[in-house]
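Step one of this worksheet: look at the structure below.
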Amino acid sequence: MSDARFEDGAEKPLRLLGQTPEDIPVISALLQDAVFPASEMVWQASKRRFAILLNRFRWEDAPKAQKRGRAFERVQSVLAVEDVLKVSSMGIDRADKEQILSPLALEWQAGDDGAGILTLVLAGDGAISLHAEAIEVSLRDVTRPYVAAAKDAPHHPE
């Protein structure tokens with residue numbers, strides 16, 4: 001089954017590159033309610049690259065889907081961070097590769113000379129801290145959108 005939204009050029013897969021502190025909240029918002037098993041994280045120390053394959057709720061499409069009475073969607077996306085010098089984590093059972101993790105926020109704490117720590121805050125008091133020489137974060141969709149299992153958009157109690 002083809003997806004006409006991508007064939008007619010009206011909508012393209014998401015591709016974002018964050019290189020400034022102001023870019024981080026945009027990427028952070030799009031990561032809300034994503035999920036991924038711990039086995040889908042990889043740090044390539046020799047390439048100084050950290051990446052996660054995650055299942056992302058398509059927040060950018062949700063208002064349009066709701067207005068048109070169309071089902072909400074998810075998509076497989078890759079979150080990649082370049083120039084990573086060190087990775088540390090807390091609240092993650094490294095032995096449990098099938099542990100499901102869910103990002104709450106992406107935060108940047110500037111250090112010296114453009115370096116800093118990019119922290120992926122996770123539900124359940126977990127976090128992954130990436131010590132990086134600079135901000136170079138990308139978020140890109142790698143599959144076509146598919147119908148989300150839940151009928152309603154995710155919501156957060158106030």
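The values are calculated or read from the model by the stated rules, or taken from the named source; none is laboratory data. Note that the structure is predicted; figures quoted are calculated from it, not measured. Cβ placement follows ideal geometry from the backbone for every residue including glycine, while neighbour counts extend to all protein chains displayed. These area figures cover heavy atoms from the full protein model, side chains too; ligands, DNA and RNA do not enter into them. Shrake-Rupley method; radii C 1.70, N 1.55, O 1.52, S 1.80 Å.
Tabulated data for the structure shown
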| item | result |
| --- | --- |
| Some residue of segment 82-97 being under 20 Å from residue 15 (Cα atoms) and either in a loop (DSSP other than H, G, I, E, B) or within 13 Å of the chain's Cα centre (by Cα) (or both) | yes |
| Candidates 86, 47, 97, 64, filtered to the one that is more than 18 Å from residue 145 (Cα to Cα), without any contact (Cβ under 8 Å) to a residue 24 or more places away in the chain and either of a type in the set (D, E, K, R) or surrounded by 15 or more Cβ atoms within 10 Å (Cβ to Cβ) (or both) | 47 |
| Residue within segment 122-137 that is open to solvent by 30 Å² or more (accessible area, probe 1.4 Å), within 24 Å of residue 35 (Cβ to Cβ) and part of a strand (DSSP E or B) present | no |
| For residue 116: the one exception among (1) open to solvent by less than 40 Å² (accessible area, probe 1.4 Å); (2) over 15 Å from the mean Cα position of the chain (by Cα); (3) over 19 Å from residue 134 (Cα atoms) | (3) |
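Each row is one residue, and each column tells you yes or no for (1) touching a Gly at 6+ places or on another chain (Cβ under 6 Å); (2) open to solvent by 60 Å² or more (accessible area, probe 1.4 Å); (3) assigned to a helix (DSSP H, G or I).
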residue	(1), (2), (3)
16	no, no, no
23	no, no, yes
27	yes, no, yes
39	no, no, yes
42	no, yes, no
52	no, no, no
